[in-house]
2 protein chains.
Amino acid sequence: MGTYMDVHTGMKGVTREQLMEAHRADLAIEADEKVHFKQAWADPEAGVVYCLSEAPSAEAVRKIHERAGHPADEIHPVPLMV
Amino acid sequence: MGTYMDVHTGMKGVTREQLMEAHRADLAIEADEKVHFKQAWADPEAGVVYCLSEAPSAEAVRKIHERAGHPADEIHPVPLMV
């Protein structure tokens with residue numbers, strides 16, 4: 001398992017409710033790929049959302065976000081943390 | 001105070017030690033602008049570093065990272081979190 005930061009762009013005007021709903025959609029199916037989405041942060045003005053997850057691979061993160069209806073634009077393994 | 005996610009690019013090959021040293025450099029002066037850097041994640045292969053902070057403004061985050069010797073490429077207010 002590793003830690004991943006993924007990025008969604010084009011989310012201008014995203015609301016708290018939409019962010020929560022998207023997160024719930026991920027949580028509902030994440031176990032299928034042994035992913036866990038821990039946290040997400042959104043900048044509604046720039047339309048950027050960052051998601052932090054624990055997962056077996058970037059591919060696993062990609063699959064869950066795609067199935068949940070919001071494919072990620074970038075998925076980065078982040079093995080270094082402070 | 002708000003929450004900010006900033007992004008540094010061009011950090012290919014960044015090591016755990018370099019990430020810790022950069023974080024220490026931020027912590028050493030962050031109080032000057034009432035910023036607190038909470039966490040940072042690095043993808044050494046893509047050369048991307050994400051920093052999460054609490055700060056009075058993006059400008060305050062910018063100043064501290066610049067004075068610490070590693071200006072951010074993007075600084076996003078992230079008022080929405082799950």
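If you go through region A:70-80 and keep only what is surrounded by 16 or more Cβ atoms within 10 Å (Cβ to Cβ) and outside any loop (DSSP other than H, G, I, E, B), you end up with A:I75, A:H76, A:P77, A:L80.
Just one of the numbered conditions (1) touching a residue at least 12 places away in the same chain (Cβ under 8 Å); (2) surrounded by fewer than 16 Cβ atoms within 10 Å (Cβ to Cβ) is not true of A:L27: (1). Among the residues of region B:24-47, those that are in a loop (DSSP other than H, G, I, E, B) and closer than 22 Å to A:P79 by Cα comprise B:P44, B:E45, B:A46, B:G47. Scanning region B:27-64 for residues that are under 10 Å from the mean Cα position of the chain (by Cα), under 13 Å from B:T9 (Cα atoms) and not hydrophobic (A, V, I, L, M, F, W, C) yields a total of 1.
Is it true that B:K34 is more than 11 Å from chain A (Cβ to nearest Cβ), surrounded by fewer than 21 Cβ atoms within 10 Å (Cβ to Cβ), at pLDDT 95 or above and closer than 22 Å to A:S57 by Cβ? So B:K34 does not fit the description; no. In this structure, B:V49 qualifies as at the interface with chain A (Cβ under 9 Å from one of its Cβ atoms) and closer than 25 Å to A:K38 by Cα. The residues of region B:1-17 that are part of a helix (DSSP H, G or I) and within 9 Å of another protein chain (Cβ to nearest Cβ) amount to a single one, B:R16.
Pull up region B:48-69, narrow it to residues that are among the β-branched types (V, I, T) and part of a strand (DSSP E or B), then point me to the one that is surrounded by the fewest Cβ atoms within 10 Å (Cβ to Cβ).
Restricting attention to region B:48-69, the residues satisfying the condition of being among the β-branched types (V, I, T) are B:48-49, B:61, B:64.
If we keep only those that are part of a strand (DSSP E or B) too, we end up with B:48-49.
On the way: B:V48: 22, B:V49: 29.
It comes out as B:V48.
Scanning region B:7-20 for residues being more than 15 Å from A:H76 (Cα to Cα) and surrounded by 13 or more Cβ atoms within 10 Å (Cβ to Cβ) gives a total of 4.
The values are calculated or read from the model by the stated rules, or taken from the named source; none is laboratory data. Here the structure is a predicted model, which is why all the values come from computation and not from measurement. Neighbour counts are summed over all protein chains in view; Cβ atoms, including those assigned to glycine, are modelled from backbone coordinates with ideal geometry.
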